[in-house]
Amino acid sequence: MLKKVFYSVCICLFAMGCKQGANQLTLTGTGISATDDIYVYDIAENKTVDTIKVSGGNFTYIREITGDPELLMITDHVTMIRYLIAEKGNLTLTGDDGFIKGTPLNDRMADLIRVYRDTGEELEEKKSALIARADSEGEELTEEQIQELQDLDAEQSTMVADAMRKFYEKDNGSVLGIFELILLQGLIPEEEFISLYEQGGDIVKNFPPFIKTFEIKANTKRTDVGAKYIDIHGVNPNDTTQTIRLSDFMGKDKYVLLDFWASWCGPCKKAMPEIKLLNDTYSGKGLEVIGIVVSDHIKNHLQAAEDLKVTWTQIFDNENESASLYGIEGIPTLILLDKNGTILVRTHEKNDIIEKIQSLLGK
């Protein structure tokens, strides 16, 4: 009788123990090269949500699962990037190049990442051989070789997109569909991306970055050539108590050049000498140059502005509302307004702006 009671108690305790961890994800990593912390990044929320301590190349990460599976990323912010679907169960990651495996959704994602990586491998080898041959001869690629590389890229992209479409057809109602559509976004025309998005289930359609993407695209069209300017505001980076509005500069019989940029953006800084030359040449001839600083830190901006000899007005937008309102998908973006606030030019190329200003105000 005592044995039966003891046995029943043990069964009870075992069941309680199982239930306690039933809504947990446990990820065990081994052979990781990172010596510092690694981070858990929530892709939907666009932020870091957890820090993982790595010791001797190993780590254990435990996360409570309280809702639907989420798409996360494990990264050291240097070279390691691994995607993770937060669903309950025990997961493993072996080495920086390994796959996170152990639950149905993560196993499926490992399969599709493997296909994504390996599809067109023969074409990748051809590209590498072509570049290596030019390097060994100490010569730059010829126009014919560049065209050959572009053709190989296009062929490879087509093959990868075909493979990802097959996954998406089966997964477009789950969190996996989000990941697959992210991969497809850079491989397919915008019209097809929209069509695939519309075929997705609610979890795909309600994914915040996708919603933001469509909002940005709509705002891009709303602020294209021929449209009226939209008023934006930010602070003076040299005096953050001072609010500056774009409308402050309108109606003053001047063309207005908006330069959306950030201190961390290499192409932005590379274009800055020409922007400075435009300001120096035309500021007294009817041109107002205004920098719109997005996704930046005040300290970094001020240092870059000093290094680049930026002396014209800067609107520091730490909320990135201006980038959203103008549908900015990449920087630098240059927008030239006429004297009435109508958009004359919208481009990423400084030469487009230079030519237009020269045609309006002379060389």
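None of the figures in this text is laboratory data; all of them are computed from the coordinates on show. What you are looking at is a predicted structure, and each value in this text was computed from that prediction instead of being measured. Counting neighbours? That spans all protein chains shown, and the Cβs are built from the backbone with ideal geometry, glycine included.
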Helix 2-20 versus the longest principal axis of the chain: what is the Cα-based angle in degrees, 0 to 90, to the nearest 10? 10 degrees
Can you give me the long-range amide H partners of G95? Hydrogens built in the peptide plane at 1.01 Å from N, cutoff under 5 Å, separation of 5 or more residues or another chain. T30, G31, I32
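Ratio of region 311-363's C-alpha Rg to 2.2 N^0.38 Å, to two decimals?
Against the compact-globule rule of thumb, the ratio is 1.26.
Given the Cα atoms of region 89-176, and with Rh set as the inverse mean 1/r over their pairs in the Kirkwood sense, what is Rg to Rh to two decimals?
1.14
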Counting sequence-distant residues (5 or more places) and residues on other chains, those with an amide H built under 5 Å from that of I52 are I38, Y39, V40
By per-residue mean of other Cβ atoms within 10 Å, what is the highest-first order of 255-264, 102-111, 197-206? 255-264, 102-111, 197-206
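Per residue, what volume in Å³ does the convex hull of the Cα atoms of region 245-304 enclose?
87 Å³
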For K254, which lysines qualify as cross-link partners when the Cα separation must be under 20 Å and same-chain residues fewer than eight apart are set aside? K228, K276, K285, K339, K350, K356, K363
Provide the FRET efficiency to the nearest 0.05 for the N46-L130 pair, computing r from the beta carbons and using R0 = 25 Å. 0.10
Antiparallel DSSP beta bridges within the chain, percent to nearest 5: 70 percent
Note, region 288-300: 3J(HN,Hα) by Karplus (6.51, -1.76, 1.60, θ = phi - 60°), whole Hz, Gly/Pro = x, goes 10, 9, 10, x, 10, 8, 10, 6, 9, 10, 3, 4, 5
Residue-wise, which Karplus ³J(HN,Hα) couplings in Hz belong to region 28-38, taking 6.51 cos²θ - 1.76 cosθ + 1.60, θ = phi - 60°, and x for glycine or proline? 10, x, 9, x, 8, 7, 4, 9, 9, 5, 10
Calc'd 3J(HN,Hα), region 335-340, phi into Karplus 6.51 cos²θ - 1.76 cosθ + 1.60 (θ = phi - 60°), Hz, glycine/Pro = x, comes to 10, 9, 9, 7, 5, 9
Please compute the alpha carbon radius of gyration of the chain, then divide it by the globular-protein estimate 2.2 N^0.38 Å. Two decimals is fine. 1.28
What residues qualify as long-range amide H neighbours of Q314, i.e. H under 5 Å apart, gap of 5 or more or another chain, H built at 1.01 Å from N? G291
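Express in % the proportion of alpha carbon pairs of region 42-157 at distances exceeding 21 Å.
55 percent
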Over what distance in Å are the Cα centres of region 222-243 and region 157-210 separated? 34 Å
Answer with one residue from W312, S324, P189: the one whose Cα lies farthest towards the positive end of the charge dipole of the chain, charges on Cβ with Lys, Arg +1 and Asp, Glu -1. S324
Hits among lysines - C-alpha to C-alpha of K221 under 16 Å, sequence gap 8 or more where chains match: K212
